[in-house]
Every structure is written in C-alpha cells, then in structure tokens.
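Colleague: Have a look at this one.
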Amino acid sequence: MQTIEQPKSLTEQTYDILLNAICSGEFEPGERLNQDEIAARLKVSRQPVNSAISLLKANGFVEDTGRRGVVVSRISPEQFLSIYEFRSAVEPFAIRLAHERKPADAAQEAEMMLKRGWEAVRSNDPHQQIAVDFEFHEMIYTWAGNDTIQTTMRTNWHHIRRSMAVVVRGVVSADTSWTEHSRVIEALMQGDVARAEDEMKAHIDHAMAKTVTRLSEAEAAPS
C-alpha cells in the first residue's frame, strides 16, 4: 500500500525555488534578495518568503549584512575544500558498502545511469549535467544502504551544486567526470571493490582540485 504524500507548504515551495535559483547561479553571490520583489514574482505573501529566507540563512546560503539586507553568501573555496575532503573519505566507503549491498538489478540500473550521463554531456545543458551527476552519486549512496551517508550527502549537495555551477560555466568538460564514473562502475560490477574504491577516490580528488582552483580564480577575479 502506498503512503499519502503531503503537499509541500508555501514556505517549503518558496525555499525550494530560492535554493534552486541560488545553486544554479540565477542569484549571484553578493546579490541582495528583495523580499517584496520575490513575493510578487512568486505570487505569495511576504510571510513564506521571510520564512524561506530564514531557512536559507540557517543553512548558509544567504547572510544578513545589516544595511544591505539579506544577500546570497559568497562561494568559499575553504568551505568546498572541507566538503570535498569529507567526500574523499566517505564515498570510497560508500563504494565498499554498495559492493556488499547493491540490488540484483544494479548492473542494469548503472547502465541506464551512464547512458543518461552521456546524454547530459552531449546536451551541453549545465543544469542537466549537474542534476544527473548527483543522481549517479545518489545511486551509490542508495546501494550502500546507509541512511546517515544519504542524509549527510543530500545536505551538502546543494553547496556542491553551487560550486559545480561555477566549474561548469568555466572551461571544464563534463566528459572527464563521466569517464571516471564509468571506471567506478566497471570495477564495481566486476567485483573489484578495491579498484572501485580507488577510482571513486581519484574521481573525488580530481573534482576537488579543479573545483577549488576554479573557485579561487573566480574569487580573485576583479568584480
């Protein structure tokens, strides 16, 4: 029997819309969020907008600057370095758990995921590329069957989306990521868990290096 899904509140819907706009780069770092304009655009009252902005503030996506009001938080290379260092430790462990717990149809699911990934590469659509990239990693988290890993990585993923949006808008091709994803899956499906762990760690470390470098360059560039 299926459970009944409760509709999202106006605050939750407003939060999701604003978060997506921030993570996609529609709202740039340092840009002021005008509550009245947002409320008018979304056709809601100020209350859900204010509540959503409070949640964004608590999660580090916006900050109160006093006289300027609420602005989108800057993208900190230091913050993303810490997130990627965490991923470098956690995701190879998730690979080991996935090796032990993956479903019977894992090979077919992985094949479809890789197909979607390469379709996203060919689309040249940054939003699609970022979305499918997360779906690949979430597939691994799901196979791992560890709720803490899934919850923690979902919390950090929105910050990762922000950094990926900066990287994708730069000169980095998505081809490399999906070549690395393919190597992870190949090793995992062959039962070579040690190589799969190594491939995942190499993938995360490579992403960490290019992301932090790109963010540092963007931060140093004159406004």
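The values are calculated or read from the model by the stated rules, or taken from the named source; none is laboratory data. What you see is a predicted model; the values in this text were computed from it and never measured. Quick reminder, even Gly has a Cβ in these numbers, built from the backbone with ideal geometry, and neighbours come from all protein chains shown. The accessibility values were calculated without ligands, DNA or RNA, using every heavy atom of the protein model including side chains. Shrake-Rupley method; radii C 1.70, N 1.55, O 1.52, S 1.80 Å.
Colleague: Is it fair to say I83 is touching a Pro at 6+ places or on another chain (Cβ under 7 Å), closer than 30 Å to L33 by Cα, in contact (Cβ under 8 Å) with a residue 60 or more places away in the chain and of a type outside the set (G, A, S)?
Modeller: Here the answer is no, as I83 does not meet what is asked.
Colleague: Moving on. How do the pairs read when you match residues in region 30-50 that are over 17 Å from T11 (Cβ atoms) with residues anywhere that are open to solvent by less than 40 Å² (accessible area, probe 1.4 Å), using Cβ under 6 Å and keeping only pairs 6 or more apart or on different chains?
Modeller: Close Cβ pairs satisfying both conditions: G30/V71; E31/V72; R32/G69; R32/V71.
Conditions (1) at pLDDT 85 or above; (2) of a type in the set (G, A, S); (3) part of a helix (DSSP H, G or I), marked per residue:
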residue: M139; (1), (2), (3): yes, no, yes
residue: W143; (1), (2), (3): yes, no, yes
residue: V167; (1), (2), (3): no, no, yes
residue: S173; (1), (2), (3): no, yes, no
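Colleague: Now for a different question. Which of the residues belonging to region 73-116 are open to solvent by 60 Å² or more (accessible area, probe 1.4 Å), at pLDDT below 95 and among the charged types (D, E, K, R)?
Modeller: Listed by number, the residues that qualify are R74, E78, E85.
Colleague: Given the residues I140, I185, which is the only one that is under 19 Å from the mean Cα position of the chain (by Cα) and within 20 Å of E100 (Cα to Cα)?
Modeller: Selected residue: I140, the only one of I140, I185 that is under 19 Å from the mean Cα position of the chain (by Cα) and within 20 Å of E100 (Cα to Cα).
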